[in-house]
Amino acid sequence: EVFCGNLSEAGFPSLFFDVITVLDVLYYMADPRAALAEMSRILKPDGLVAVEIPGLQYRLLRDRGPICWLLDRKWSRMSPASWHLYYFSPRTITLLLRKCGFRVMKFIPAQASVGRTGLLRGLNDLHFLLGRFLCKAAGGYSIAAKELYLAVKAR
């Protein structure tokens, strides 16, 4: 059964789910804090939420300047007309999850889907490997295209 609408309107009972995935959607929500609070309500104790967001540092590096020029032949891809309502840093997403009753267990840098082939695909893959290496070397600081946060419902 598919429900089309806001999570709070779906009417799920409390403690209903073991796992909830929020992949590439949280930053489009009008009130991400209310949505995460609702997820906490409908998750079972020790339930898991997986939240994937764009990497903010990656966007700032990739979407303007010389790297953007090399890959897209534009100096900037950033636009004030973006559909994104929020941009989360690792610190702000962790704080938001904590305020909504979650404890981040793991952070995983992830690669964005790529519609490129040949040399551009190879450069993207190389960039991702370099980003993962730098993330580990910097103690979790990420320049990955996507960031996946696995958080458990705190008791």
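The values are calculated or read from the model by the stated rules, or taken from the named source; none is laboratory data. For clarity, every value in this text was computed on a predicted model and none was experimentally measured. So basically every Cβ, Gly included, is an ideal-geometry build from the backbone, and we count neighbours across all protein chains shown. Protein only, heavy atoms only, side chains kept; ligands, DNA and RNA dropped before computing areas. Shrake-Rupley method; radii C 1.70, N 1.55, O 1.52, S 1.80 Å.
Listed conditions (1) part of a helix (DSSP H, G or I); (2) at pLDDT below 65; (3) closer than 20 Å to VAL22 by Cα are all met by CYS135, apart from (3). Would you check which residues across region 84-97 are over 12 Å from the mean Cα position of the chain (by Cα) and free of Cβ contacts under 8 Å to residues at least 12 places away in the same chain and list them? Once the filter is applied, which keeps residues that are over 12 Å from the mean Cα position of the chain (by Cα) and free of Cβ contacts under 8 Å to residues at least 12 places away in the same chain, region 84-97 yields ARG91, LEU95. Filtering region 104-132 to residues that are of a type outside the set (A, V, I, L, M, F, W, C), at pLDDT 70 or above and exposed (fewer than 13 other Cβ atoms within 10 Å of the Cβ) leaves LYS106, THR117, GLY118, ARG121, GLY122. Selection of helices (runs of 4 or more DSSP H) fully inside region 1-97 by the criterion of at least 2 residues being modelled with pLDDT of 90 or more and open to solvent by 30 Å² or more (accessible area, probe 1.4 Å) returns 32-42.
For region 138-149, which residues satisfy the criterion of being surrounded by fewer than 19 Cβ atoms within 10 Å (Cβ to Cβ) and at pLDDT 70 or above? Even if it seems obvious, please write down each step before you answer.
From region 138-149, those surrounded by fewer than 19 Cβ atoms within 10 Å (Cβ to Cβ) are 138-141, 148; that's our starting set.
Matches in region 138-149: LEU148 only.
Restricting region 1-38 to residues that are in contact with a helix residue (DSSP H, G or I) (Cβ under 7 Å, 6 or more places away or on another chain) and in contact (Cβ under 8 Å) with a residue 40 or more places away in the chain, the residue that is farthest from ARG91 (Cα to Cα) is MET29. Taking region 1-20 as the region of interest, how many residues are under 20 Å from ALA154 (Cβ atoms) and hydrophobic (A, V, I, L, M, F, W, C)? Qualifying residue count, region 1-20: 7.
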